[in-house]
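Engineer: Encoded as C-alpha coordinates, here's the structure I'll be asking about.
The values are calculated or read from the model by the stated rules, or taken from the named source; none is laboratory data. This is a predicted model, so every value here is computed, not measured. In this analysis, Cβ positions are derived from the backbone assuming ideal geometry, glycine residues included, and neighbour counts consider all displayed protein chains. Keep in mind that these areas ignore ligands, DNA and RNA; they rest on the heavy atoms of the full protein, side chains included. Shrake-Rupley method; radii C 1.70, N 1.55, O 1.52, S 1.80 Å.
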Amino acid sequence: SMRQVAEMAGVSKANIYHHFESKQALYIAVLRSSVTETHEILEPLADSTESFESRLKRFLQAHLSQIFKHSQNSRLILREAMSQDEGQAKTLADKVVGENFRLLIALLREAQTAGVIKPEADPVLCATLLVGSNVFFFQAQNVMKHISEVTFANDLEVYSNGIVDMVLNGILNHADNTRAGK
(Lines give C-alpha, C1' and ligand atoms only; values in the text may rest on other atoms or scores of the structure.)
Protein backbone atom coordinates (compact mmCIF):
# COMPACT_ATOMS: atom_id res chain seq x y z
CA SER A 1 0.00 0.00 0.00
CA MET A 2 1.04 3.62 -0.35
CA ARG A 3 1.02 3.84 3.46
CA GLN A 4 3.63 1.06 3.61
CA VAL A 5 5.68 2.71 0.86
CA ALA A 6 5.60 5.98 2.81
CA GLU A 7 6.64 4.24 6.02
CA MET A 8 9.54 2.45 4.31
CA ALA A 9 10.67 5.69 2.66
CA GLY A 10 10.35 7.61 5.93
CA VAL A 11 7.98 10.18 4.46
CA SER A 12 4.30 10.95 4.70
CA LYS A 13 1.78 9.42 2.32
CA ALA A 14 0.80 12.98 1.34
CA ASN A 15 4.42 13.64 0.35
CA ILE A 16 4.37 10.68 -2.05
CA TYR A 17 1.07 11.82 -3.56
CA HIS A 18 2.56 15.29 -3.96
CA HIS A 19 5.13 13.80 -6.36
CA PHE A 20 3.17 10.88 -7.84
CA GLU A 21 -0.51 10.94 -8.73
CA SER A 22 -0.96 7.22 -8.11
CA LYS A 23 0.76 4.03 -7.06
CA GLN A 24 1.00 3.16 -10.78
CA ALA A 25 2.80 6.46 -11.47
CA LEU A 26 5.26 5.70 -8.68
CA TYR A 27 5.79 2.19 -10.06
CA ILE A 28 6.50 3.54 -13.56
CA ALA A 29 8.92 6.11 -12.09
CA VAL A 30 10.80 3.31 -10.31
CA LEU A 31 11.03 1.29 -13.53
CA ARG A 32 12.10 4.37 -15.49
CA SER A 33 14.87 5.09 -12.98
CA SER A 34 16.53 1.78 -13.86
CA VAL A 35 16.87 2.74 -17.54
CA THR A 36 18.13 6.29 -16.97
CA GLU A 37 21.79 5.27 -16.94
CA THR A 38 21.37 3.46 -20.25
CA HIS A 39 19.95 6.69 -21.68
CA GLU A 40 22.98 8.59 -20.37
CA ILE A 41 25.24 6.10 -22.15
CA LEU A 42 23.31 6.13 -25.43
CA GLU A 43 22.82 9.85 -25.89
CA PRO A 44 26.47 10.89 -26.30
CA LEU A 45 27.26 7.96 -28.61
CA ALA A 46 25.70 9.83 -31.53
CA ASP A 47 28.32 12.59 -31.28
CA SER A 48 31.30 10.36 -30.52
CA THR A 49 34.37 10.28 -32.72
CA GLU A 50 35.15 6.64 -31.93
CA SER A 51 34.36 3.96 -34.49
CA PHE A 52 30.80 2.74 -34.84
CA GLU A 53 31.87 -0.76 -33.78
CA SER A 54 33.51 0.60 -30.62
CA ARG A 55 30.42 2.67 -29.79
CA LEU A 56 28.16 -0.32 -30.30
CA LYS A 57 30.35 -2.54 -28.12
CA ARG A 58 30.44 0.13 -25.42
CA PHE A 59 26.66 0.50 -25.52
CA LEU A 60 25.93 -3.22 -25.45
CA GLN A 61 28.26 -3.88 -22.54
CA ALA A 62 26.97 -0.87 -20.58
CA HIS A 63 23.36 -1.84 -21.30
CA LEU A 64 23.96 -5.38 -20.07
CA SER A 65 25.75 -4.07 -16.98
CA GLN A 66 22.77 -1.84 -16.22
CA ILE A 67 20.36 -4.74 -16.59
CA PHE A 68 22.35 -6.69 -14.01
CA LYS A 69 22.92 -3.65 -11.78
CA HIS A 70 19.17 -3.05 -11.63
CA SER A 71 18.25 -6.73 -11.73
CA GLN A 72 15.12 -6.45 -9.61
CA ASN A 73 13.71 -3.65 -11.77
CA SER A 74 14.85 -5.47 -14.91
CA ARG A 75 12.81 -8.48 -13.84
CA LEU A 76 9.81 -6.23 -13.21
CA ILE A 77 10.18 -4.70 -16.68
CA LEU A 78 10.39 -8.17 -18.21
CA ARG A 79 7.36 -9.30 -16.23
CA GLU A 80 5.40 -6.32 -17.54
CA ALA A 81 6.65 -6.98 -21.07
CA MET A 82 5.45 -10.58 -20.85
CA SER A 83 2.00 -9.72 -19.50
CA GLN A 84 -1.00 -9.73 -21.78
CA ASP A 85 -2.13 -6.30 -20.57
CA GLU A 86 -1.99 -4.07 -23.67
CA GLY A 87 -2.38 -0.90 -21.63
CA GLN A 88 0.57 -1.80 -19.43
CA ALA A 89 2.63 -2.77 -22.49
CA LYS A 90 1.91 0.62 -24.07
CA THR A 91 2.84 2.41 -20.84
CA LEU A 92 6.09 0.44 -20.69
CA ALA A 93 6.90 1.38 -24.29
CA ASP A 94 5.89 5.03 -23.90
CA LYS A 95 7.29 5.79 -20.46
CA VAL A 96 10.07 3.30 -19.70
CA VAL A 97 11.96 1.67 -22.58
CA GLY A 98 10.80 3.32 -25.80
CA GLU A 99 13.03 6.38 -25.71
CA ASN A 100 16.21 4.35 -25.26
CA PHE A 101 15.18 1.94 -27.99
CA ARG A 102 14.56 4.86 -30.36
CA LEU A 103 18.01 6.30 -29.53
CA LEU A 104 19.62 2.97 -30.41
CA ILE A 105 17.67 2.84 -33.68
CA ALA A 106 18.80 6.40 -34.46
CA LEU A 107 22.44 5.42 -33.84
CA LEU A 108 22.05 2.49 -36.24
CA ARG A 109 20.32 4.64 -38.86
CA GLU A 110 23.09 7.22 -38.60
CA ALA A 111 25.64 4.48 -39.27
CA GLN A 112 23.55 3.29 -42.18
CA THR A 113 23.39 6.80 -43.66
CA ALA A 114 27.17 7.07 -43.28
CA GLY A 115 27.55 3.82 -45.24
CA VAL A 116 28.85 1.80 -42.29
CA ILE A 117 25.82 -0.51 -42.29
CA LYS A 118 24.53 -1.91 -45.58
CA PRO A 119 21.44 -0.13 -46.96
CA GLU A 120 19.20 -3.19 -46.89
CA ALA A 121 19.80 -3.87 -43.19
CA ASP A 122 16.84 -2.98 -40.97
CA PRO A 123 18.05 -0.79 -38.05
CA VAL A 124 14.96 -1.67 -36.01
CA LEU A 125 15.61 -5.39 -36.42
CA CYS A 126 19.27 -4.87 -35.54
CA ALA A 127 18.32 -2.94 -32.38
CA THR A 128 15.90 -5.74 -31.49
CA LEU A 129 18.66 -8.34 -31.90
CA LEU A 130 21.08 -6.37 -29.74
CA VAL A 131 18.65 -5.67 -26.91
CA GLY A 132 17.14 -9.15 -27.19
CA SER A 133 20.55 -10.79 -26.88
CA ASN A 134 21.19 -8.86 -23.67
CA VAL A 135 17.78 -9.70 -22.25
CA PHE A 136 18.30 -13.39 -23.01
CA PHE A 137 21.76 -13.34 -21.43
CA PHE A 138 20.33 -11.71 -18.31
CA GLN A 139 17.57 -14.30 -18.08
CA ALA A 140 19.71 -17.35 -18.83
CA GLN A 141 23.13 -16.50 -17.37
CA ASN A 142 22.56 -18.57 -14.25
CA VAL A 143 21.98 -21.67 -16.39
CA MET A 144 24.58 -20.84 -19.04
CA LYS A 145 27.39 -20.66 -16.49
CA HIS A 146 26.81 -24.36 -15.80
CA ILE A 147 27.29 -25.37 -19.44
CA SER A 148 31.00 -26.00 -19.91
CA GLU A 149 31.06 -24.79 -23.53
CA VAL A 150 29.73 -21.36 -22.49
CA THR A 151 33.03 -19.70 -21.68
CA PHE A 152 31.60 -16.15 -21.62
CA ALA A 153 28.90 -16.64 -18.99
CA ASN A 154 30.79 -14.62 -16.38
CA ASP A 155 32.40 -12.11 -18.74
CA LEU A 156 30.04 -9.37 -19.94
CA GLU A 157 32.73 -7.78 -22.12
CA VAL A 158 33.53 -10.98 -24.02
CA TYR A 159 29.82 -11.65 -24.48
CA SER A 160 29.02 -8.09 -25.64
CA ASN A 161 31.96 -7.93 -28.03
CA GLY A 162 31.01 -11.32 -29.49
CA ILE A 163 27.41 -10.23 -30.06
CA VAL A 164 28.48 -7.01 -31.78
CA ASP A 165 30.91 -8.95 -33.95
CA MET A 166 28.17 -11.41 -34.95
CA VAL A 167 25.67 -8.64 -35.71
CA LEU A 168 28.15 -6.57 -37.71
CA ASN A 169 29.99 -9.38 -39.48
CA GLY A 170 27.52 -12.26 -39.49
CA ILE A 171 28.51 -15.89 -39.25
CA LEU A 172 29.05 -16.77 -42.87
CA ASN A 173 32.60 -17.10 -44.11
CA HIS A 174 32.71 -14.39 -46.75
CA ALA A 175 35.90 -15.81 -48.26
CA ASP A 176 33.71 -18.64 -49.54
CA ASN A 177 31.31 -17.19 -52.09
CA THR A 178 28.87 -20.07 -51.78
CA ARG A 179 26.00 -19.92 -49.32
CA ALA A 180 25.85 -22.47 -46.52
CA GLY A 181 24.08 -25.62 -47.56
CA LYS A 182 24.40 -25.09 -51.33
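Engineer: Evaluate the following for residue 128: is it of a type in the set (Val, Ile, Thr) and either under 22 Å from residue 46 (Cα atoms) or under 14 Å from the mean Cα position of the chain (by Cα) (or both)?
Structural biologist: On the way: of a type in the set (Val, Ile, Thr): yes; either under 22 Å from residue 46 (Cα atoms) or under 14 Å from the mean Cα position of the chain (by Cα) (or both): yes.
Yes; evaluated as a whole, the condition is true for this residue.
Engineer: Determine whether region 82-93 contains at least one residue that is within 17 Å of residue 27 (Cβ to Cβ) and in contact (Cβ under 8 Å) with a residue 60 or more places away in the chain.
Structural biologist: Checking region 82-93: at least one residue is within 17 Å of residue 27 (Cβ to Cβ) and in contact (Cβ under 8 Å) with a residue 60 or more places away in the chain.
Engineer: Do any residues in region 153-182 that are within 22 Å of residue 123 (Cβ to Cβ) have Cβ atoms under 9 Å from those of residues that are at pLDDT below 90 and open to solvent by 40 Å² or more (accessible area, probe 1.4 Å), where the two are at least six apart or on different chains, and which pairs are they?
Structural biologist: Hits for this filter: 171/180; 172/179; 172/180.
Engineer: Turning to a different aspect of this structure: Tally the residues that are open to solvent by 40 Å² or more (accessible area, probe 1.4 Å), closer than 30 Å to residue 113 by Cα and not in a helix (DSSP H, G or I), restricting the search to region 13-50.
Structural biologist: 2
Engineer: Looking at residue 117, is it open to solvent by less than 40 Å² (accessible area, probe 1.4 Å) and at pLDDT 95 or above? Let's see the steps before the verdict.
Structural biologist: Details: open to solvent by less than 40 Å² (accessible area, probe 1.4 Å): yes; at pLDDT 95 or above: no.
So residue 117 does not fit the description; no.
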